[in-house]
1. Filter segment A:28-41 for residues that are in a helix (DSSP H, G or I), more than 17 Å from A:F385 (Cβ to Cβ) and touching a residue at least 12 places away in the same chain (Cβ under 8 Å) and give the result.
2. Scan segment A:27-70 for residues that are of a type in the set (S, T, Y) and open to solvent by 10 Å² or more (accessible area, probe 1.4 Å) and jot them down.
3. Which residues, taken from segment A:213-232, are part of a helix (DSSP H, G or I) and open to solvent by 50 Å² or more (accessible area, probe 1.4 Å)?
4. Given segment B:83-195, what helices (runs of 4 or more DSSP H) lie entirely inside it while holding 2 or more residues that are touching an Asp or Glu at 6+ places or on another chain (Cβ under 8 Å)?
5. Identify all residues within segment B:1-47 that are farther than 17 Å from A:R141 by Cα, open to solvent by less than 50 Å² (accessible area, probe 1.4 Å) and within 14 Å of chain A (Cβ to nearest Cβ); write none if there are none.
6. Here's a check for you: in segment A:32-53, which residue that is in contact with a strand residue (DSSP E or B) (Cβ under 6 Å, 6 or more places away or on another chain) and basic (K, R) is farthest from the other protein chains (Cβ to nearest Cβ)?
7. Would it be correct to say that B:R63 is within 14 Å of another protein chain (Cβ to nearest Cβ), modelled with pLDDT of 90 or more and more than 59 Å from the chain's Cα centre (by Cα)?
8. Would you check which residues across segment A:362-395 are among the basic types (K, R) and either open to solvent by less than 40 Å² (accessible area, probe 1.4 Å) or at the interface with another protein chain (Cβ under 10 Å from one of its Cβ atoms) (or both) and list them?
Amino acid sequence: MSEIRYADARYTGQSGPIFGLSLKVAVLTLLTLGIYRFWGKSRIRRYVWSSAELDGDRFEYTGTGLEKFLGFLMAVVFLAVYLGVVQIGLTFIGLTLLGEPETDAGMAAQALAFNLTFLSLVPFLLFALYRARRYKLARTRWRGIRFGMDKGAWGYAFRAIGHYILTILTLGILLPRQSFHLEKYMTDRMWFGDTRFEQGGRWQDLYAPMKHVFIGLAVILLGLAAGIALDMGLLLVALPVIGLLWLTIGVIHYRVQSFAYLTSHKTLGGQIAFDARPQTSTVIMTYVVGGIVIGLAVAIIGGLLGAVFLTTVEGIATAMPPVGVMILLILGYVAMILGAGAATTALIVQPIVAHYVDTFTAINIDAANAIRQRVADRGADAEGFADALDIGGAI
Amino acid sequence: MRGQGTFFDGETAGRHRVEVALSQDRQALTISGLTLPADLHWPLADLRALSDHAQDGQLVVTRHMITGDEAPRDPARLVLRDPALVGWLLETRPSLRKSDLHPGTGRHILRKAALAVGAIALMLLVILPAMAGTLARLIPMEAEIRFGRAVTAQMERFLGASEPGALLCDGDAGQAALDRMLTRLTDGQDIGYDLDIRVFDHPMLNAFAAPGGHVVLVRGLIDKAETPEAVAAVIAHEIGHVVNRDPTRNALRVAGSAGILSLLLGDVAGGAVLVAVGDRLLNSAYSREAERNADAYALRMLNAAGISSEGFGDFFDRLAGAEAGPALPEYLSTHPLSAERAEQARRNAAGRNTAGPVLSVAEWRALRRICD
C-alpha cells in the first residue's frame, strides 16, 4: 500500500496572451458579423483549458468552431419554428381572450400574453444548460482521456422546473435543496473515462453558505420595519442599503461556497476525492479591482474620444467633424468597446477561473492511472441551444 | 535529434515517460519507453501540435488520423518539454500547425445550411401565413375591433401623438364630407364591419387599414390627392383589405415572424412584438395577392357607387412621376402599384358612366381642411 497522494491543480495562464487572443477574436467576430464567435470561443477555451494543470498534466479542450456553428444552425432552426408557432398562438390567445387593450390593465394582460413566449422557452433554457455542460465535458481531456456525461437533458429540465417552483413557493428557503439536487443530477451522470463521478453530501449543509443571504434579507426587513415603526427616515434608507449590499455579497458567497461544498463532496469512482477552497473575498475583490481598472480605462479613452469630437466639431457649420476624423472616432469607439470586453476576460474572468483552479486539490490521484478511455460523444448540437438562447456564459 | 517526453496513449490515464528520437530514415519520430508495450513510429508528416495552447515552452503533439472524434486526431498525446527538441520540431515541421477536417465536411455543411434556410423559408413563407389565415378567421369580431383600436392608437403614437386622439382631425364639415363619401361607397354593400374612418394630422402620405374595420387616412394623402375620387379610391382599396381581414392576418403573421426574427437577431425575449406589429402594418406591404384582391374589390365598389376609377390610376401615376427617385412616397412604397394595376384601373374607368362627382366642391374643400 502506497500512501495517498494529493495532487494540486495550478493555473498558469497569463493576462497578456488571453487579452491578445480575446481581442483578436472580438475583432474577427465583428468583421464576420458574429460568425467567427464559434471559432473564437473554441480558441479561448483551448487557451484556458490548457492553462489548467492537475498533477502537472494539462487539460485539453478539443471542441471545434465548425461543430458549434452547425449545432447553432440546427438549434436556431428548431427554436425558430417552435417560437414562430408559439408566438402566433399566444398572439391569437392574447387577442381573443383578453380584455380592453385601451385600459392599462388590459394592456398589461395583453403584454403578459405576448411575454409568455419567454416562459415557453424556459424548458429549452434548462435543456440547453445541461447539454452545454455535457458538450463541454465531452470535449475536455486530461492525460488524453475524455470526460463525458450521460444523456438526460430533458430529465434535468423537468426536475429543474419542479425545483424552481418549489423554491419560489417557499420564498427561496428551499434554494439549497434545489442547488444540491440539480448538481447531483448532473454529477451522477458525469464520467472521466470509464469511471463515474458521484455527488455526496447533504443538501441541508448548504444552509451554512447561505447564511449571509438571510442576514442581508433580515437587515433589509428590519430597516423597513424599524424605520416605519419609529418613523426614522435615516433608518428607513440606511439599513436597506446596507442590507442590499450584504445580500449581494451573500449571493456571491453562496455561489462560491456552495460550489466549494459540492466539489469537495464529489468522488470519482469511489477512489478519488476532491477538495475545493475558493475564497469569496478573492472572487469579489477580483470583480471590484478589475471593474475599477476597466471602468477607468473606458472613462479615459471615452473622454479623449469625446474631446476630439468636440474640438473638431467647433467652427464647422454641419455640427459634424470631417469625415476622416469621424471614421477615426468611430473606429476608436469600437476599439474601446472590444478592448473592454477583452479586458474583462483577462482581468476578471480568467483570474476567477485561476482562483478556482489554484484552490483545487485531487486526493489519491494515483488511482487515476487505471482509468480507461471512453468512446467519443458526437455531441449533436454542440452547445447550439445554449448559444441560440444566449446562456453560453463567459467561457 | 532526441529528447525526453511524456506520453499518454489515449487508452488509459496512465503516464508514460518516453524517449523520443528521429527514426533512422529520418521520416518518423520513434517513441520508446519502459512502460510502453512496443516502440511507436509517428511519421513526421502526420504530426500535429495542439493550437492556442498556453505554452511555456511545452509542445503537445498528436497525429492526423481519421477517428470518430470531432477532429481527425489520434487520441494519444505526446508532451514535449525539451527545448532543443521543441525548437527543432517547430522549425522543421510547418505541418504541425495544419488543421484538418474530416472528409465530406463541405457536403455536410452545405446540407445543414440548406436544411436551415429551407426550414426557415418554409416557416416564414408557407406555414405562418397559412396559420395566420386560419386564425384570422377564428378571431371573434369584437376582439378584432378591440385589437384594431389598439393598433390605431399605436399608429398614432408612431406618428408622434403624445396621447391617444392628439392627432385626430375632427373638423365637423370635413368629417361630414368623409361620411358622405363613405355612405356613397358602401351603399347597398355588405361590409360585415362597422367602418370607422378617421384622419390623422401628419404630413406623411399614407393610409392604412387596421383590424376590425378601422381605416385611417393621413393628412398628407388628402393634401396630395387632386380629386375626391382619388381619395374615395384609396378608401375603397383599404375597405377591401378590411373585408378580406388582411390587417388581422398580417398582424398574426408578423407576430409569428417576429418570434423567428428576434431569435435570428438575438432578442429572444421578444417583448417588442406589439411594436413590431404596428411597425409592420405601417411600413410593410401585404402580399401581392392581397393587394390585387383589394384592388379588385375597390374597383367593384367604385363601379357600384358610380365613381370613376380614373382617379385611382392617375393618382399613383402622378405620385410616381412627381416623386420618382430614392424617396418614394410611403403609400406607394408600401402598396407597390405596377403599371399593370394602374392600367387596370384606367381600363375599368373607360367608357363607364359615372353618377356625378363623389363630393361637391364645398365638401371637397371641407375635407381638405379637416385638420385645420
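The values are calculated or read from the model by the stated rules, or taken from the named source; none is laboratory data. Note that the structure is predicted; figures quoted are calculated from it, not measured. A quick note on method: Cβ atoms are made from the backbone with ideal geometry, for glycine too, and the neighbour counts reach across all protein chains shown. Areas reflect the complete protein model, heavy atoms only, side chains present, ligands, DNA and RNA absent. Shrake-Rupley method; radii C 1.70, N 1.55, O 1.52, S 1.80 Å.
1. Those that are in a helix (DSSP H, G or I), more than 17 Å from A:F385 (Cβ to Cβ) and touching a residue at least 12 places away in the same chain (Cβ under 8 Å): A:L28, A:L30, A:W39, A:G40.
2. A:T29, A:T32, A:Y36, A:Y47, A:T62, A:T64, listed by residue number.
3. Scanning segment A:213-232 gives A:F214, A:I215, A:L217, A:A218, A:L221, A:L222, A:L224, A:A225, A:I228, A:A229, A:L230.
4. Values: elements: B:83-92, B:105-122, B:128-138, B:141-158, B:172-186.
Qualifying helices (runs of 4 or more DSSP H): B:141-158, B:172-186.
5. Scanning segment B:1-47 gives B:G5, B:V18, B:I31, B:L36.
6. Only one residue tops the list, namely A:R45.
7. When the stated conditions are applied, B:R63 does not pass them.
8. A:R372, A:R378
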